[in-house]
Amino acid sequence: MKKAIIYFYYYLLKFKNKLIYGGNTIVLMYHRISDVKLENNQYLTISKANFETQIKYFKRKYKILSFEESWKLPFYKTGIVFSFDDGYANFYNNALPILKKHNIPALLFPVTSHLESKDYFWWDKLVLIYEELPDLYYLPNKEQLVNKKSYNYSILHDLIKNKKTDYIEKWLKKIMNLNNLSIKFDDEFRSLNISEIKKISSSNLIKIGGHTHTHFRFSATKKMEFISDVKKNTTILEKITSKKIDIFAYPYGDHNQLIDSELLMNQFNYLFLANDYYSNHFFKSKKIISRILITDIIDNELINRLRKFN
């Protein structure tokens with residue numbers, strides 16, 4: 001009963017917002033466009049074929065918007081805005097050609113710590129480490145062997161996800177050393193490099209924003225440390241692109257009102273969340289923009305995923 005009441009209230013609120021402010025805009029949040037997936041975080045990856053299928057569906061059923069244009073829409077229309085987090089190289093290799101083919105504008109929020117590195121983002125590295133672990137393995141800060149069923153991938157992820165990035169990297173190195181593991185680098189998971197970001201920046205379809213230097217989780221650190229990491233990210237991106245970086249996406253969508261005010265006052269014009277909610281032209285005017293995660297789904301799954309936000 002409680003769930004039904006919440007459901008009804010949500011749709012009533014959405015209907016009221018559409019009456020007052022016009023049609024909704026759904027800001028889609030993507031990560032990787034690739035035919036290579038990792039089992040334990042495959043929700044981050046969409047195949048090239050399915051990505052193009054999604055685009056064709058959006059072009060038929062929605063109004064594709066750029067970030068810069070007005071989001072003021074008639075009541076019966078819903079807008080779509082594309083955004084991509086983290087800055088995987090497959091954005092340049094796989095996503096960008098498809099976006100150009102269909103003339104789709106998009107936002108790109110790259111992390112800058114791995115720009116010229118052949119190393120994985122920590123969440124991908126953890127998946128690969130877990131896949132190589134034996135049934136009994138050594139865990140950092142545990143004196144005895146642990147069972148892989150008891151300490152599965154989700155448990156390991158929860159152990160470190162709220163830590164600072166440098167702690168996470170040391171922890172991953174330690175678990176590899178304790179269990180004599182090595183992982184082979186796969187180019188499908190690398191970050192964009194400087195040359196690729198320059199080329200992307202030259203496209204009139206793509207607007208680049210900040211996403212921290214090390215994928216810092218705001219709640220895992222002190223405010224000034226977070227701001228320093230944000231500034232490092234934007235400084236690097238501005239140097240590469242020769243453009244002002246005036247939009248920012250929070251890693252994990254982790255934020256509060258104090259950091260919102262600080263960043264909007266001193267650094268950015270707009271902030272992007274990861275909160276599974278729709279937006280509209282009024283919410284955009286408030287400078288804090290909701291987004292929804294899009295996974296490797298098409299047809300009825302995609303229709304049902306978006307129905308909540310139309």
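Side notes on the structure shown:
- Given their separation in residues at 0.36 nm each and the Cα-Cα distance between them, Lys101 and Asn179 gain 23.4 nm when the chain is fully extended.
- Built from the Cα atoms of segment 191-296, the convex hull projects on average onto 7.5 nm², one quarter of its surface area.
- Ordering Pro251, Ser285, His211 by the projection of their Cα atoms onto the charge dipole of the chain, which places +1 on the Cβ of Lys and Arg and -1 on the Cβ of Asp and Glu, puts Ser285 at the extreme positive end.
- Additional length obtainable on full extension of the chain from Ser202 to Thr53, 0.36 nm per residue less Cα span: 51.0 nm
- Computed on the Cα trace of the chain, the radius of gyration divided by the Kirkwood hydrodynamic radius gives Rg/Rh = 0.98.
- Principal-axis tilt of helix 257-266 within the chain, Cα atoms, nearest 10 degrees: 80
- Divided by 2.2 N^0.38 Å, where N counts the residues, the Cα radius of gyration of segment 234-275 comes to 1.21.
- Of the trypsin sites (Lys or Arg not before Pro) found in segment 105-161, those that fall in a DSSP loop while having at most 10 other beta-carbon atoms within 10 Å are Lys149.
- Computed magnitude of the charge dipole of the chain (debye, nearest 20; Cβ of K, R +1, Cβ of D, E -1): 1240
- Summing charges over neighbours of Lys223, with a neighbour being any other residue whose Cβ is under 12 Å away from its Cβ, gives -3 when K and R count +1 and D and E count -1.
- In terms of its C-alpha gyration tensor, segment 122-178 has a prolate overall shape, because the principal axis ratio a/c (a ≥ b ≥ c, square roots of the eigenvalues) is not below 1.5 and a/b outweighs b/c.
- Judged by the ratio a/c of the largest to the smallest principal axis of the C-alpha gyration tensor, segment 42-89 counts as oblate, that ratio being 1.5 or greater while a/b is no larger than b/c.
- For Leu19 and Ile303, a Förster radius of 41 Å and the Cβ-Cβ distance give a FRET efficiency of 0.95, rounded to the nearest 0.05.
- When the alpha carbon coordinates of segment 76-230 are projected onto the principal axes, the ranges are 56, 40, 35 Å, largest first.
- Spatial separation of Cα centroids for segment 235-258 and segment 152-206, in angstrom: 19
- Close amide H contacts of Ser34 (hydrogens built in the peptide plane, cut-off under 5 Å, sequence separation of 5 or more or a different chain): Ile46, Ser47, Lys48.
- Taking 7 Å steps out from each Cα toward its Cβ at Gln144 and Lys72 produces label points 6.8 nm apart.
- The coefficient of translational diffusion for segment 170-252, derived via Stokes-Einstein from the alpha carbon Kirkwood radius under 4 °C and 1.567 mPa s, stands at 86 µm²/s.
Taken together, the values in this text are just the output of simple stated rules run on the coordinates, not laboratory data. Computed from a prediction, not measured in an experiment: that's the story for all the values here. Cβ: placed from backbone, ideal geometry, glycine included. Neighbour counts: every protein chain shown.
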